[in-house]
Amino acid sequence: MANTVEPLKRKALGKGLESLLPRATPAAEDRATQPATDGSQREISVDAIERNPYQTRTHFDEVALAELAASIAATGVVQPVLVRPLPTGRFQLIVGERRWLASKKAGLATIPAILRQVSDEQAMEITIVENLQRTDLNPMEQARAYDRLSREFRLTQEQMAQRTGKDRASVANFLRLLRLPVDVQAKVESGELTFGHARALLGLEDPDAILKASQKIVALSMSVRQTESYVQGIVNPEKRKAAEKVKEPLDPNVREARDLLQRALGLKVTIEDRKGKGRVIIEYSSLSDFDALLETIESVRRT
């Protein structure tokens with residue numbers, strides 16, 4: 001798909017809309033038959049603006065929208081919206097849908113707007129990238145936005161990361177969410193499952209297994225860490241069984257020996273005993289702990 005600006009040369013939207021919005025040429029600015037599209041600000045009737053068909057956000061928090069409307073009614077619109085002129089004489093929103101909706105809710109007749117002449121492709125890309133730089137998109141909205149940038153603009157994960165100011169691994173993780181079954185995606189979108197839950201579930205490759213696990217996670221209100229352990233138990237059942245055996249009640253003599261070692265060493269000690277055979281695990285959290293352990297062992301050896 002044609003783009004008027006080479007992808008690798010454009011900066012992320014967070015560094016300025018100018019990187020994605022070409023200015024009108026002087027010849028275009030001189031055309032009296034068209035509205036000014038040189039980036040100047042003007043007041044536009046809120047009723048003359050049409051919704052953005054490329055909007056990736058599917059949910060607007062009504063409470064937050066009402067709060068914004070109250071703020072706008074009191075102090076006005078601080079930041080203008082971005083629109084492009086349509087052949088019909090109306091305008092199409094590119095950036096600022098929440099401000100536009102809140103202004104209508106506040107009863108404003110006009111809204112400050114910046115006009116730019118951009119193509120359908122540019123309008124779509126600007127909208128998607130601008131939304132991705134916000135923090136209030138749910139994980140599935142972000143995943144679908146990245147997917148659109150990949151499919152419709154042929155952007156690599158590295159290019160998408162540059163556009164949005166994210167790291168490439170984060171982009172890859174969001175895109176992986178689209179592998180989840182539709183019912184599980186709906187749980188992520190509604191907030192029943194978090195991004196962390198979804199990432200853990202992707203450890204299961206079978207869609208039916210993912211769906212079944214998601215239902216149990218929601219029913220038991222599992223934390224992300226519990227979900228990770230639960231998924232690992234499904235992926236590695238033998239490891240789960242071994243872990244369960246370790247949790248079996250310790251023999252009183254083994255427990256006494258463990259406690260004695262912990263007091264002597266000042267470190268966490270685990271004893272895995274199987275009928276007189278097993279292993280002793282000593283955990284340390286720093287090099288100083290490790291050095292102290294070596295000194296203790298050396299002093300015992302010398303006595």
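The values are calculated or read from the model by the stated rules, or taken from the named source; none is laboratory data. The structure displayed is predicted, hence computed values, not measured ones. Please note: Cβ atoms are built from the backbone with ideal geometry, for glycine as well, and neighbour counts cover all protein chains shown.
Restricting segment 127-143 to residues that are touching a residue at least 12 places away in the same chain (Cβ under 8 Å) and out of contact with any helix residue (DSSP H, G or I) (no Cβ under 7 Å at 6 or more places or on another chain) leaves a set whose member that is surrounded by the most Cβ atoms within 10 Å (Cβ to Cβ) is Thr127.
Looking across segment 176-227 at every residue that is assigned to a loop (DSSP other than H, G, I, E, B) and of a type in the set (D, E, K, R), the one that is farthest from Gln157 (Cα to Cα) is identified as Glu192. You will find that of Glu192, Glu205, the residue that is acidic (Asp, Glu), without any contact (Cβ under 8 Å) to a residue 24 or more places away in the chain and not assigned by TED's automatic domain parsing to the domain that holds Gln92 is Glu205 and no other. Within segment 156-165, identify whether any single residue is of a type in the set (S, T, N, Q) and assigned by TED's automatic domain parsing to the domain that holds Lys216, and answer yes or no. There is no residue in segment 156-165 that is of a type in the set (S, T, N, Q) and assigned by TED's automatic domain parsing to the domain that holds Lys216.
Scanning segment 234-289 for residues that are modelled with pLDDT of 80 or more, assigned by TED's automatic domain parsing to the domain that holds Glu205 and hydrophobic (A, V, I, L, M, F, W, C) yields Ile234, Val235. Within segment 214-229, being over 12 Å from Asp183 (Cα atoms) and buried (at least 18 other Cβ atoms within 10 Å of the Cβ) holds for Ile217, Met222, Thr227. Being closer than 23 Å to Gln133 by Cα, modelled with pLDDT under 90 and not basic (Lys, Arg) holds for only one residue in Val81, Val95, and it is Val95.
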